[in-house]
Amino acid sequence: MLRATLKSLLARKLRLILSGLAVVLGVMFVSGAFVVTDTLSRSFDMVFASAYSTTDVGVAAVPKVEVSEFEGEQVAAPLPAAVVEKIKTVSGVRSATGLVESDGARVIGSDGKVLTSTGPPRLGVSWTGEDELVRLREGRGPSAPDEIAVNATVAEAAGLKVGDRVGVLTLEPKKDFTLVGIVGYSGDRDSLGGVQQVAFTEATAQQLMLGRTGVYSSVRVEAAGDVTPEVLRDRIGAALGAGYVVKTGDQLADESSAAMREGLSFFGQLLLGFAGVALFVGVFLILNTFSIIVAQRTRELALMRAMGASRRQVITSVLIEAVVIGLVAAVLGLAAGVGIGAGLAYLFGSFAGGGLELAPLGVPAAAVISSFVVGVLVTVVAAVLPALRASRIAPVAAMQDVAMPDRPLTKISVAGGAVTAVGAAALGLGLYGDVGNELWLILGGVLGSFVGIALLTPLISRPVVALLGRLFSWSVPGRLGRLNSGRNPRRTAITAAALMVGIALVTGVTVIMDSAKSSLKAEAARVLKAQIMISGDQNGPRPPTFDPAVVDRAAQIPGVRAAAGVWNDQVLVDGAKEWVNATDDLAALAETYGASATGGTLTTLRDDQIAVSVPEATEHGWHIGSRVKVQTSRGEPRTYTVAATYADDALPGWIILPAAATKDFGIPQPVLGFVRLDDGVPVSAVLPQVKALVADSPEVSATDAATFVDQQAQIFDVLITMIQILLAMAILIAVLGVINTLALSVLERTRELGLLRAVGLGRAQTMRMVTVEAVVISVFGALLGVTVGAGLGTAVTKALESDGITELVLPWGRMGTYLLLAAFVGVVAAVLPAIRAARLNVLGAIAHD
């Protein structure tokens, strides 16, 4: 029986190649996710090990507000110069060097634009001279307040050379410096992990990067030859006491690597999620392939039964075929995944990593194990139902010239209705209920809904396919194609369901994103009365900023009714971490928003006052006169009095601090500016003047309010595009499913096609017939996808009404495009099967058994 199975498999190797491709593509995603995250993790391990190679012990003050990698940017607490001197007195210390190292030094290139970053920080540091890690390539280190040195990555990207005057943005507005040196790193590297670095003199770095002189962000300690880093760490910790973080260089490297691995794990999980979708779609393809092959092998399997093969042996025969296909696909998928992982790592290192030097490519055990487990498991699971069906073939079928008849759709329809109901209930509970584990309920609900609708698809396909087919029934090939697409509802349904999943997910995401974009625009139009906005596109870890004096100057322009700036930071409010805003003039900000107070008055805040939204006040039990303790990123904690409350959508943010607090913010410059004009004053009369005010702030620009809102909404279009790209793999597998179904159907109908050709159907007509069948199936799957996707998207949008998504937008244009693309996909998918059908030898086809 085993030999017969393997010979049968080899005889149909071409028929099974497309179903194997589905597994190959899914496994490729899985193994690629593990390969890229492993390679990047080891690459960053190398970077951080190198960065801390000259540090035996590192000392820093405990951050005033601790921020994780996903919450934002950690702001180092200032470390007094006296601490450095104290560390030098500890036994076993050879040297202690105070360092200034903080993100936010943005170089303006020779083209007048700020040098962007897609991930690595843009560090401003104090020049401490050359060492084992840092090497001057050109010029010298900075020695005057208006001199800087940059690393080779910055020099190349910004088009700079020694002697150039260079503008740099820091905690303060743009300042010009003379470039006196270009540095590299050991191993002939231009940067450490793509980090952009600007070196100032010590006092300049302290002022521009930490906000005041006489303080450092950390201390680098070198141990004497006879003292281990661990011993020295403990001695320094005991000498300094509480309030300081003292760690060895190895610990600092490991912790930095762990934080980066946490971010990379999210990237890997995202890829695995889309791999799951691709494999889920692949199940439909494999299920259809085995179902068709079992139907074609009816006589062969019945003959085996007649010769004594048991049902178990028949099931085993089909499952062995699945295991072999799964193993071969897993090997090919693993190889492809290694290649994809290497490519993604290279792209990440080149773009997101800013020139990250990659570690040697590695294939972790998880990639190998998951490839084989997933490949074999998915194939076997998809083959179970066809195997069970094969076992029910009666031995008498060997003497009949018929295939197995289609079973009634009653059971599968009832099962589909039940699964759909359970999936919809889980989805509704996850979206609208408050039972915990909402994410898993939503994911389970979506999966259940897809499975249930897939089970219902055979029932739905008959009337819908018949209706779609009438569009092509104006010719004999069209009528034949329509009849062929509807003759086997189960086969048509499975093929269409594969396409449905990918298009439903894309459509659902599009509905949600378009609804969110429309809601954002509607909300902005409702609450924002300012006609001119000052802002910029964030192109690095830190938001773009501008000189606060711009707001004061804008307020003096004739025709301006009010102008206000907004600062932003993450702080501790009564011990809890929260994002807060600050403004230089609350009254002016309220004027630009057309806001009014629900308690107190929205006048300019004193240095010890704050304003809070009603939901925030309710949550904390605050009222007018309540005392609130706030710890900012820098400086000491301060207690504020609640002076006013406002509706949650009346002003930006839920807590607003006075302008005096911003000096202790992580970014002590405004990130947004609002300008409201007097009634009747045209925007065109004032906008050029405001633009002139920010001409020296290349990160930001002044725009009218409509343009600003459109810029903010662009993120939704970017997300839609990213998801479409990632789901393209699932849709590609669905297209393979259409090709596979048609190819196997042509083989199955060889005699029928020969008879049609014999009675006068031409080659071109045969090709049109197959094409119509493919187009009908593809459009049916797409129609099902946009319907299901629109329903899921609507449900999620309605559930998010309380979160501000109040507008429901159905993207009719995009959905129409998906249907047109599906028709095109059908035409493309039909090319090879149609050519094969047209080239059949008529006499040979009629004689085919």
>> What's the number of the only condition in (1) surrounded by fewer than 21 Cβ atoms within 10 Å (Cβ to Cβ); (2) farther than 29 Å from THR248 by Cβ that GLY214 fails to meet?
In response: (2)
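Table: residues versus (1) of a type in the set (Phe, Trp, Tyr); (2) outside the structural domain of ASP188 (by TED's automatic domain parsing); (3) surrounded by 14 or more Cβ atoms within 10 Å (Cβ to Cβ); (4) within 21 Å of LYS174 (Cβ to Cβ).
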| residue | (1), (2), (3), (4) |
| --- | --- |
| GLU130 | no, no, no, no |
| LEU133 | no, no, yes, no |
| ASP146 | no, no, yes, yes |
| ASN151 | no, no, yes, yes |
> Would you pick out the residues in segment 257-271 that are out of contact with any Leu (no Cβ under 9 Å at 6 or more places or on another chain) and surrounded by fewer than 18 Cβ atoms within 10 Å (Cβ to Cβ)?
Replying inline: ALA258, ALA259, GLU262, GLY263, SER265, PHE266, GLN269
> Can you name the number of the only condition in (1) modelled with pLDDT under 80; (2) within 25 Å of PHE472 (Cβ to Cβ); (3) under 29 Å from the mean Cα position of the chain (by Cα) that GLY804 fails?
Replying inline: (2)
> Among ARG638, ARG634, which is the only one that is of a type outside the set (Asp, Glu) and touching a helix residue (DSSP H, G or I) at 6+ places or on another chain (Cβ under 7 Å)?
Replying inline: ARG634
>> Give all pairs with beta carbons closer than 6 Å in which a residue from segment 565-579 that is in contact (Cβ under 8 Å) with a residue 12 or more places away in the chain and outside any strand (DSSP E or B) meets a residue that is surrounded by fewer than 20 Cβ atoms within 10 Å (Cβ to Cβ) and of a type outside the set (A, V, I, L, M, F, W, C); count only pairs at least 6 apart in sequence or on separate chains.
In response: ASP574/LYS629
> If we scan segment 291-311, do we find a residue that is surrounded by fewer than 18 Cβ atoms within 10 Å (Cβ to Cβ), touching a helix residue (DSSP H, G or I) at 6+ places or on another chain (Cβ under 7 Å), modelled with pLDDT of 75 or more and not assigned by TED's automatic domain parsing to the domain that holds SER126?
Replying inline: yes
>> Go through (1) under 30 Å from GLU807 (Cα atoms); (2) among the small types (Gly, Ala, Ser); (3) more than 27 Å from the chain's Cα centre (by Cα) for ALA730 and report which single condition fails.
In response: (3)
> Can you tell me which residues in segment 677-690 are in contact with a Leu (Cβ under 9 Å, 6 or more places away or on another chain) and buried (at least 19 other Cβ atoms within 10 Å of the Cβ)?
Replying inline: VAL686
> For THR178, all conditions in the list (1) modelled with pLDDT under 95; (2) touching a Lys or Arg at 6+ places or on another chain (Cβ under 9 Å); (3) not aliphatic (A, V, I, L, M) hold save one; what is the number of the exception?
Replying inline: (1)
> Which one of these is modelled with pLDDT of 80 or more and in a helix (DSSP H, G or I): ALA498, ALA493, ALA504?
Replying inline: ALA504
> So which residues in segment 327-356 are buried (at least 19 other Cβ atoms within 10 Å of the Cβ) and either free of Cβ contacts under 8 Å to residues at least 60 places away in the same chain or touching a strand residue (DSSP E or B) at 6+ places or on another chain (Cβ under 8 Å) (or both)?
Replying inline: GLY354
> So PRO120 fits all but one of (1) part of a loop (DSSP other than H, G, I, E, B); (2) crowded, with 18+ Cβ neighbours inside 10 Å; (3) more than 30 Å from the chain's Cα centre (by Cα); what number is the exception?
Replying inline: (3)
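The values are calculated or read from the model by the stated rules, or taken from the named source; none is laboratory data. All values reported here derive from a predicted model rather than from experimental measurement. Note that each Cβ is placed from the backbone with ideal geometry, even for glycine, and that neighbours are counted across all protein chains shown.
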